[in-house]
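Reading through the structure tokens given below for one structure.
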Amino acid sequence: MSWTQGLILAIFVLLVAVIVGPLGFYFYILFRDSRQKEHAVLRNFPVLGRVRYIAEKVGPELRQYLFLNNNEGKPFSRNQYEGVVKSGKYKQRITAFGSERNFEDTGFYLKNSMFPKQREELRIDQNPKVQTMLYKIDNEKLVSRKEHSEKAEVAPYYLSEQDQIVIGKDTCAKPFYVKGLIGQSAMSYGALGKNAIIALSKGLALAGGTWMNTGEGGLSKHHQAGNVDIIAQIGPGLFGYRTEDGEFSWEQFKKKSEIEQVKAFELKLAQGAKIRGGHVEAEKVTPEIAEIRNVTPWKTIDSPNRFRQFHDTKGLLDFVEQMREIGGKPVGFKIVVGSRDEVEDMVKVMAEEGKYPDFITVDGGEGGTGATYQELADGPGLPLYTALPILHEMLKKYQIRDRVKIIASGKLITPDKMAYALCLGADLINTARAFMISVGCIMAQTCHSNTCPVGVATTDPNREKALVVEEKMYRVCNYVISTREGLFNLAGAAGIASPTEFTEEHLMFRAMNGQLYTGKEYMQGLMRPSLEKLAL
């Protein structure tokens, strides 16, 4: 056979493959799907039905990256997501040309001062400087970006000594001194993989002035990897604080309280995204996680809806007092506000009994989680900007506001959202998903399945390896510092020397009808039995 004949034969075979292959596949799909009984659409439209399923599968990605505008995405918009990423990689939050906020929508606005504070007039502690790594873009094209990371020395934006928050100042042998307003909300080892937890621990420790909440999954060595200040959370499942038969272990609690890194304890009564006990799928319960939690490996964990150690506010406060006495460190609890009356009943008992937690964490109904049911994520629990001022005002009403610090949590990932919470009564800010994004989360929303594509919310070793601790820890550090800087920027614009001075007087609310209300009027409206005078 000559080379010409060989070439003709090769072309013929290629044409047959190009034509016959797809046709063969088409008729195979047609024959198989038209006879199956599970999917009605495939029986009538075997091929087009397949196209529908493909579009359905990639729909979330198409919407996130192509079809939604920069402010439409849920739970976070593209602008919010990129804001966290840029803060972590470049310590950069500069935007250009103009805001993309819809100023016609209902929402909060900070009152800027006619005579704002100059940078040198702000009460900021900028020492010691933080040694971190920042990315620099060398060349950015349509399909490629060349960048490198380099060492950088940055100012930490700590609160001044006079402004630092002290939790448990008059109640504990070992109060918790906080030099930054922003900390990591509860995220358990098991919900997140070890690389994510270690990167968070090291990054937060590097930034300083902040804290890490262990989540209800218990304290692990990974939480302690960076020597960061820790708030140890205890949920109804008592993971890490339980006996073999599931009772609360005061011995285990005492051991944890003796750890220097552990600065406070938090009892989790509820969480915004799941008004229920925690849930972890069996494939995420590795032997290591099972040992930390004192449960059976490879078995799905569903913790109880509430603590069995107490059943009312008085019992809760007695339990808090006992923990504080034994541990010598601040103790608080985390709640989700369901009604004004229930909060008032709780605060009233505190005032009558003369017993108080050192702090209360308020999680809004919009808060996140690794796993819950849709109806529990969407239904119960008031949103943060409604819940927070209710608690704040009730504590004021019963004249015990100065005894209890409030930590606000629920989709607070940017400085402006955090400033609104400070104006509405928060002393400190918790955020979780922002820190997930800072260690690589792309909002794939597969946290519960152990198939996280970037190694954040998974305990699968093959997936975890995608997250490089030595790189992501610096992004965590940079995000914290950049966001603290943002709060000081807003404080200066409002004419105050520190974000700790934010009050309702610095807030305006624009209602649906365009009417403006002061922050004080907004908060008073929430406290009234009827809202007909305030179009919220």
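The values are calculated or read from the model by the stated rules, or taken from the named source; none is laboratory data. This one's a predicted model, so the numbers in the text were calculated from it and none came from an experiment. Heads up, the Cβs are rebuilt from the backbone with ideal geometry, glycines too, and the neighbour counts pull from every protein chain shown. Heads up: the accessible areas ignore ligands, DNA and RNA and are worked out on the full protein's heavy atoms, side chains in. Shrake-Rupley method; radii C 1.70, N 1.55, O 1.52, S 1.80 Å.
Relative to the present Cα-Cα distance, how much length would full extension add between Lys169 and Gln524 at 0.36 nm per residue of separation?
Computed gain between Lys169 and Gln524 is 124.8 nm.
In a shell of Cβ-Cβ distance under 15 Å around Arg43, excluding Arg43 itself, what net charge do Lys and Arg (+1) and Asp and Glu (-1) give?
Net charge in that neighbourhood comes out at +3.
Going out from 0 in 20 Å bins, what whole percent of all Cα-Cα distances in the chain drops into each bin?
Here the calculated profile for the chain is 20, 51, 22, 6, 1, 0.
Scan around Arg242 for amide H atoms under 5 Å from its own, H built in the peptide plane at 1.01 Å from N, and keep only partners 5 or more places away or cross-chain.
Ser249
When only the heavy atoms of the protein chains count and the probe is 1.4 Å, how do Met508, Met114 rank by accessible area, highest first?
Met114, Met508
So how do 512-524, 407-419, 423-435 stack up, highest first, on mean other-Cβ count within 10 Å?
In descending order of packing, they fall as 423-435, 407-419, 512-524.
What is the ratio of the Cα radius of gyration of the range 379-536 to 2.2 N^0.38 Å, where N is its residue count, to two decimals?
Here the Cα radius of gyration is 1.26 times the empirical estimate.
Which listed residue (Thr451, Gly379, Pro357) has the Cα farthest towards the positive end of the charge dipole for the range 354-460, taking +1 on Lys and Arg C-beta and -1 on Asp and Glu C-beta about the Cα centre?
Of the listed residues, the answer is Pro357.
Under a crude label model (7 Å from the Cα following the beta-carbon direction), how far is Glu150 from Leu62 in nanometres?
According to this spin-label approximation, the distance is 4.3 nm.
Taking 8 Å as the Cα distance limit and 6 or more residues as the minimum spacing, I'd like the relative contact order of the chain as a percentage.
Value for the chain: 18 percent.
Lysine pairs in the range 252-330 with Cα distance under 17 Å, only those 8 or more apart or on different chains: how many are there?
Lysine pair count for the range 252-330: 10.
When the dipole is taken about the Cα centre of the chain, and only Lys, Arg (+1) and Asp, Glu (-1) are charged at their Cβ, what size is it in debye, to the nearest 20?
About 1180 debye.
If the chain between Lys111 and Ile94 were fully stretched, how many nm would it gain, using 0.36 nm times the residue separation less the Cα-Cα distance?
Extra length available between Lys111 and Ile94 comes to 4.0 nm.
Using a Förster distance of 60 Å, how high is the FRET efficiency between Asp345 and Ala55, based on the Cβ-Cβ distance and rounded to 0.05?
Efficiency at R0 = 60 Å is approximately 0.75.
Can you tell me the dipole magnitude for the range 283-396 around its Cα centre, using point charges on the Cβ only (Lys, Arg +1; Asp, Glu -1), in Debye to the nearest 20?
So the magnitude is around 280 debye.
Suppose a student asked you for the relative contact order of the range 150-191, using Cα pairs under 8 Å spaced at least 6 residues apart; what percent would you report?
Once normalised by length, the contact order is 32 percent.
Counting only protein heavy atoms and a 1.4 Å probe, tell me what percentage of the chain's accessible area is made up of carbon and sulfur.
The nonpolar share, carbon plus sulfur, comes to 54 percent.
Please compute the modelled spin-label separation between Glu321 and Asn69, points set 7 Å along Cα→Cβ, answer in nm with one decimal.
5.6 nm
Which lysines does Lys91 reach when only Cα atoms under 16 Å apart count, and residues fewer than 8 places away in its own chain are ignored?
Cross-link targets: Lys129, Lys136, Lys151, Lys472.
Separation between the Glu505 and Tyr398 pseudo-spin-labels, each 7 Å from Cα along Cα→Cβ, expressed in nm?
The two pseudo-label positions are separated by 2.7 nm.
Using a/c under 1.5 as the rounded threshold, could you call the range 137-229 rounded, prolate or oblate? The axes a ≥ b ≥ c are square roots of the C-alpha gyration tensor eigenvalues, and prolate needs a/b larger than b/c, oblate otherwise.
oblate
Just going by the charge dipole of the chain, with Lys and Arg at +1 and Asp and Glu at -1 on Cβ, which of Thr243, Pro46, Phe176 is farthest out on the positive end?
Result: Pro46, furthest along the dipole toward the positive end.
Please compute the per residue accessible area over the range 186-303 with all protein chains in place, 1.4 Å probe, rounded to a whole number of Å².
Averaged over the residues of the range 186-303, the accessible area is 33 Å².
Express in nm, to one decimal, how much length is gained between Ala282 and Ile259 on full extension, taking 0.36 nm for each residue of separation and deducting their alpha carbon distance.
Using 0.36 nm per residue and subtracting the Cα-Cα distance, I get 5.3 nm.
Check every DSSP H run in the chain and write down those whose alpha carbon atoms cover 18 angstrom or more along the long axis and whose mean Kyte-Doolittle hydropathy is 0.5 or greater.
Helix filter hits for the chain: 3-33, 194-207.
With a 1.4 Å probe and every protein chain left in place, tell me how much accessible area Val130 has, in Å² to the nearest 10.
It works out to around 10 Å².
Would you calculate the convex hull of the Cα atoms in the range 268-311 and tell me its volume per residue in Å³?
Hull volume over Cα atoms, normalised by residue count, gives 82 Å³.
Along the charge dipole of the chain, pointing to its positive end and built from +1/-1 on Cβ of Lys, Arg, Asp and Glu, which listed residue (Asn513, Thr286, Gly410) has its Cα farthest out?
Thr286
Give me the dipole magnitude in Debye, nearest 20, for the range 401-526 about the Cα centre, with unit charges on the beta carbon: positive for Lys and Arg, negative for Asp and Glu.
240 debye
What are the residues whose amide H is under 5 Å from the amide H of Ile406, where those residues sit 5 or more places off or on another chain and H is modelled from the backbone?
Excluding prolines and chain starts, which carry no amide H, the hits are Ile360, Asp427, Leu428.
Evaluate E = 1/(1 + (r/R0)^6) for Lys141 and Thr4, where r is the Cβ-Cβ distance and R0 equals 45 Å; express this FRET efficiency to the nearest 0.05.
For R0 = 45 Å, the calculated efficiency reads 0.55.
Taking N as the number of residues in the range 145-184, what is its alpha-carbon radius of gyration divided by 2.2 N^0.38 Å?
1.87
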